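Chemist: After the structure tokens below, expect a handful of questions from me.
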Amino acid sequence: MSKNRVNDWLGARDGWRWAWGLALAYAAGLAVAAWALGAGRVLTWAGAPHMGLAFSDLHVIAAARAELAAGGDPYASNPGDPWGRVYNYPSVWMKAWPIEPATVAAWGVALGVAWLATVGAWWGRLSRGQGVVAGLLLAAPPVVLALERANNDLVIFMLLAGALACLARGWGEVAAGLAWAGFALKLYPLAGMVALVRLGWRRACLVGGVVLLLAGAYVWAQWDEVGRVLGNTPADTSMAYGATVGPRVLAEWLTRETGRRHDVTALLPHARVWAAVLAVLALAHGWRAAEAVRRAGGPERAQSRALDGFRAAAGIYAATFVLGANYDYRLIFWLLAVPWLTRGAEAGEARAEARARRAALGGVIALMWANPWWGGGFAVVRELAAWGLLVMACWWLGRTLPARARSGAGAIG
């Protein structure tokens, strides 16, 4: 097959069929394998170790709601949870969500369907090449984990997608309000506000500054609750990414190999510092590269909805990585970046930069598909991909920042 025919095949605008076809075929294969071999074994292979009941992350909310209604404190004791887990989310989830143990299954299915519809709406029309990559990511272990657990990051994803859609229409204040709502629900979505730069620096700083002030007021008012949420959140390494995951994985391996316990608690702050330094240096280098292109008379990068999605995903990834260990379902936000990471070279973009964008996409695929449950080698690949993606994500954030003098809302794409 000639190169032109390959390019024509990849460029055909029926990518949505390939994306959903690949994902559905994979889901069907998992279903058949689960029927033949058992759900626990197959889901563990797929990156979502089964806990005995589906939608386990909704059970903890339903149990907490019942415990609160009975006058108890689910942050201290949550006996209604099938696994005895204490509650570890902001209280708004259990107070506002009318979920009960008997309705967990219905809510889990509805949440999964709504999230998949949101993903499809965000992606829109894709080329065939984009569709193949999108389908690959849609079937990745973190996505399977998020859907199987019905984690509330699915809700945050939908909220953020709505915020980005508003931003693309120039409704910056509405987008910022939705981002703040995401922050009140789970804190970390505030990092996605980096996408506000598409409004221009002056307006972005004004709107973002107001949101940050409100976020600070919220944390101050809810300080005790925030502390209990963070204290109740377990630090897992088997299904997690972040600056502190590598040292913990190494300590666990040394403990198994030597029979002596190795404690790396003292090293974890250093890992966070190194991650922060790498992130800042990569961001600064990307910004310098953008300024060099501008000084040479190169075109300003067009602002677009696809680029907004990448910025939000990269901002969330970088912030959560630096802070420490995060469960893998937080990687689903990279699906917002699919339209931009998979698009062809932009006007005025150097060939080296096009290759760098493909490298970032490769990092996303490697991180999402290097399942540590498949063996130690995959854990190593995964850790290298996680740190590499931190650098690439921050570099591209810096490279795609608009010029400081810019004040318009930019092209909408």
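Chemist: Among the residues of the stretch 188-225, which ones are surrounded by 22 or more Cβ atoms within 10 Å (Cβ to Cβ) and touching a strand residue (DSSP E or B) at 6+ places or on another chain (Cβ under 9 Å)?
Modeler: none
Chemist: Pick from the stretch 34-53 the residues that are without any contact (Cβ under 8 Å) to a residue 60 or more places away in the chain and either in contact with a Cys (Cβ under 8 Å, 6 or more places away or on another chain) or on the phi > 0 side of the Ramachandran plot (or both): which of them is surrounded by the fewest Cβ atoms within 10 Å (Cβ to Cβ)?
Modeler: The selected residue is G52.
Chemist: Would you point out the residue of the stretch 145-187, among those that are touching a Ser or Thr at 6+ places or on another chain (Cβ under 6 Å) and under 19 Å from W122 (Cβ atoms), that is surrounded by the fewest Cβ atoms within 10 Å (Cβ to Cβ)?
Modeler: Here the answer is M158.
Chemist: Additional query: Only one of (1) in a helix (DSSP H, G or I); (2) closer than 24 Å to P372 by Cβ; (3) in contact with a Ser or Thr (Cβ under 8 Å, 6 or more places away or on another chain); (4) of a type in the set (D, E, K, R) is not met by R261, so which one is it?
Modeler: For R261, the failing item is (1).
Chemist: Another question about this same structure. For the stretch 15-33, give me each residue that is surrounded by 15 or more Cβ atoms within 10 Å (Cβ to Cβ) and within 21 Å of G375 (Cβ to Cβ).
Modeler: Y26, L30, A33
Chemist: Within the bounds of the stretch 211-219, is there any residue that is within 18 Å of the chain's Cα centre (by Cα) and of a type in the set (S, T, Y)?
Modeler: There is no residue in the stretch 211-219 that is within 18 Å of the chain's Cα centre (by Cα) and of a type in the set (S, T, Y).
Chemist: For the structure I just gave you, tell me whether L187 is at positive phi and not acidic (D, E).
Modeler: yes
Chemist: Let me ask something else. If we only count helices (runs of 4 or more DSSP H) wholly inside the stretch 305-413, which ones have 1 or more residues that are basic (K, R), at pLDDT 95 or above and closer than 13 Å to A195 by Cα? Working first, answer last.
Modeler: Working: elements: 305-323, 338-341, 351-369, 376-399.
Here the list reads 305-323.
Chemist: OK, next. When you scan the stretch 117-132, do you find a residue that is at pLDDT 95 or above and within 18 Å of A240 (Cα to Cα), even just one?
Modeler: Scanning the stretch 117-132 turns up no residue that is at pLDDT 95 or above and within 18 Å of A240 (Cα to Cα).
Chemist: Here's something else I'd like to know. Identify, from the list W274, W253, the residue that is in a helix (DSSP H, G or I) and within 17 Å of P372 (Cβ to Cβ).
Modeler: W253
Chemist: Next question, about the same structure. All but one of (1) of a type outside the set (S, T, Y); (2) in contact with a Leu (Cβ under 8 Å, 6 or more places away or on another chain); (3) farther than 30 Å from A34 by Cα hold for V144; which doesn't?
Modeler: V144 satisfies all of (1) of a type outside the set (S, T, Y); (2) in contact with a Leu (Cβ under 8 Å, 6 or more places away or on another chain); (3) farther than 30 Å from A34 by Cα except (3).
Chemist: Taking only the stretch 80-139 into account, find how many residues are of a type outside the set (A, V, I, L, M, F, W, C) and touching a Leu at 6+ places or on another chain (Cβ under 7 Å).
Modeler: Adding up the residues that qualify gives 8.
Chemist: Which of the residues belonging to the stretch 22-70 are part of a helix (DSSP H, G or I), of a type in the set (F, W, Y) and in contact with an Asp or Glu (Cβ under 8 Å, 6 or more places away or on another chain)?
Modeler: Hits for the stretch 22-70: nothing passes.
Chemist: Tell me yes or no: at least one residue of the stretch 88-98 is part of a helix (DSSP H, G or I), in contact (Cβ under 8 Å) with a residue 40 or more places away in the chain and either out of contact with any strand residue (DSSP E or B) (no Cβ under 6 Å at 6 or more places or on another chain) or not hydrophobic (A, V, I, L, M, F, W, C) (or both).
Modeler: Scanning the stretch 88-98 turns up at least one residue that is part of a helix (DSSP H, G or I), in contact (Cβ under 8 Å) with a residue 40 or more places away in the chain and either out of contact with any strand residue (DSSP E or B) (no Cβ under 6 Å at 6 or more places or on another chain) or not hydrophobic (A, V, I, L, M, F, W, C) (or both).
Chemist: Is there any pair with a first residue in the stretch 300-316 that is closer than 9 Å to F333 by Cβ and a second that is surrounded by fewer than 24 Cβ atoms within 10 Å (Cβ to Cβ) and among the hydroxyl-bearing types (S, T, Y) whose Cβ atoms are under 7 Å apart and which are 6 or more apart or on different chains, and what are they?
Modeler: Close Cβ pairs (under 7 Å, with a partner that is surrounded by fewer than 24 Cβ atoms within 10 Å (Cβ to Cβ) and among the hydroxyl-bearing types (S, T, Y)) amount to I316/Y188.
Chemist: Tally up the residues in the stretch 128-144 that are surrounded by fewer than 24 Cβ atoms within 10 Å (Cβ to Cβ) and part of a loop (DSSP other than H, G, I, E, B), please.
Modeler: Summing the residues that are surrounded by fewer than 24 Cβ atoms within 10 Å (Cβ to Cβ) and part of a loop (DSSP other than H, G, I, E, B) in the stretch 128-144 gives 1.
Chemist: Counting only residues that are small (G, A, S) and in a helix (DSSP H, G or I), which one in the stretch 227-250 is modelled with the highest pLDDT?
Modeler: Within the stretch 227-250, the subset small (G, A, S) is 227, 231, 235, 238, 240, 242-243, 246.
Among the residues that remain, those that are also in a helix (DSSP H, G or I) are: 227, 231, 246.
Numbers: G227: 92, G231: 89, G246: 82.
Ranking the qualifying residues of the stretch 227-250, first place goes to G227.
Chemist: Of the conditions (1) over 29 Å from N151 (Cα atoms); (2) touching a helix residue (DSSP H, G or I) at 6+ places or on another chain (Cβ under 9 Å), E291 clears all except one; give me its number.
Modeler: Exception for E291: condition (2).
Chemist: Look at the stretch 226-246 and say how many of its residues are buried (at least 18 other Cβ atoms within 10 Å of the Cβ) and within 20 Å of A366 (Cα to Cα).
Modeler: 9
Chemist: Further, regarding this structure: Within the stretch 268-289, does at least one residue satisfy the condition of being at pLDDT 90 or above, surrounded by 13 or more Cβ atoms within 10 Å (Cβ to Cβ), among the β-branched types (V, I, T) and out of contact with any Pro (no Cβ under 7 Å at 6 or more places or on another chain)?
Modeler: Yes.
Chemist: Shifting gears a bit: Six or more apart or on different chains, Cβ atoms under 8 Å: show the pairs whose first residue is in the stretch 103-116 and under 17 Å from L24 (Cα atoms) and surrounded by fewer than 16 Cβ atoms within 10 Å (Cβ to Cβ) and whose second is modelled with pLDDT of 95 or more and not β-branched (V, I, T).
Modeler: Between residues of the stretch 103-116 that are under 17 Å from L24 (Cα atoms) and surrounded by fewer than 16 Cβ atoms within 10 Å (Cβ to Cβ) and residues that are modelled with pLDDT of 95 or more and not β-branched (V, I, T), the close pairs are A114/L154; A114/M158.
The values are calculated or read from the model by the stated rules, or taken from the named source; none is laboratory data. Since the model is a prediction, treat every value here as computed from it, not as a measurement. Cβ coordinates were reconstructed from backbone atoms using ideal geometry, including for glycine residues, and neighbour counts include every protein chain displayed.
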